[in-house]
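Here the structure comes first, spelled out in structure tokens, and everything after it is commentary.
The values are calculated or read from the model by the stated rules, or taken from the named source; none is laboratory data. From a predicted model like this one, the values you see are computed outputs, not experimental measurements. Neighbour counts run over all protein chains shown; Cβ positions are idealised from the backbone, glycine included.
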Amino acid sequence: MDRTKSPDAGVQARARIIDGLVQCIHGPMGQNRANELHRELYQPSPSEVMVKQSSMKRKMDARHTLKVTFTERDMEGVSFPHNDALVLSLPIQRKMVRRVLVDQGSSTEILYYSVFKALGLPKDQLSPVDAHLVGFTAILVYPVGKIVLPVFAGSMQIDVEFIVVNSLSPYNAILGRNWLHGMKAVASTL
């Protein structure tokens, strides 16, 4: 964000699109409770395949580009060398959601069920997903459903298809390559 222009412009723009705050904390869960949740929520079927098509729609003029720049002020409090994960706070469904991981290695966008509930969305808005997710631990995760929600970043809004999962994570959502492509963005921690 170019802070040499109007420092209040971004704050004012965010104030128009945000009407709440979501801060979910995921605590430890015993293995027995995790197994119970798995049995309650998921009915696995053999030989499932995840097919992902992006449903993101750009809500801005394709000729418009947004420059993101950082100043010395942005670097205050950052320890160097800086190679931390890129974790943002972004408005999703007009609520500010903290701890959103931008993951260039993720082929899908993930929203955790606790955040889905905190956004005040009814479960009947979820569409079924006839596939499972496999993470880097090779553990199968069966989605609760999928939903398209608006995600705001700067002056841009992109409708993002999230796969909703009920599992533990230090993050509230994961935005992957589809979102980055829709934003025409390159993630960097420099």
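Would you mind stating whether Phe80 is surrounded by 17 or more Cβ atoms within 10 Å (Cβ to Cβ) and either over 16 Å from the mean Cα position of the chain (by Cα) or in contact (Cβ under 8 Å) with a residue 12 or more places away in the chain (or both)? No, not satisfied. All conditions but one from (1) under 16 Å from the mean Cα position of the chain (by Cα); (2) modelled with pLDDT of 90 or more apply to Leu168; the one that does not is (2).
Checking the condition farther than 29 Å from Gly20 by Cα and among the β-branched types (Val, Ile, Thr), which residue from Val134, Val115, Val102, Val129 passes?
Details: Val115 fails: farther than 29 Å from Gly20 by Cα; Val102 fails: farther than 29 Å from Gly20 by Cα; Val129 fails: farther than 29 Å from Gly20 by Cα.
One residue alone meets the criteria, Val134.
Filtered by the rule that a residue be in a strand (DSSP E or B) and either over 14 Å from Ile110 (Cα atoms) or touching a Lys or Arg at 6+ places or on another chain (Cβ under 6 Å) (or both), the stretch 141-160 gives Phe152, Ala153, Met156, Gln157, Ile158, Asp159. Among the residues of the stretch 161-180, some residue qualifies, meaning at least one is surrounded by 18 or more Cβ atoms within 10 Å (Cβ to Cβ), assigned to a loop (DSSP other than H, G, I, E, B) and among the hydroxyl-bearing types (Ser, Thr, Tyr). Looking across Arg98, Arg73, one residue alone is basic (Lys, Arg), surrounded by fewer than 20 Cβ atoms within 10 Å (Cβ to Cβ) and not in a helix (DSSP H, G or I). It is Arg98.
Within the stretch 101-120, the residues that satisfy the criterion of being outside any helix (DSSP H, G or I) and of a type in the set (A, V, I, L, M) are Leu101, Val102, Ile110, Leu111, Leu119. Of Gln93, Gln157, all but one fail to be within 12 Å of the chain's Cα centre (by Cα) and not aliphatic (A, V, I, L, M); the exception is Gln93.
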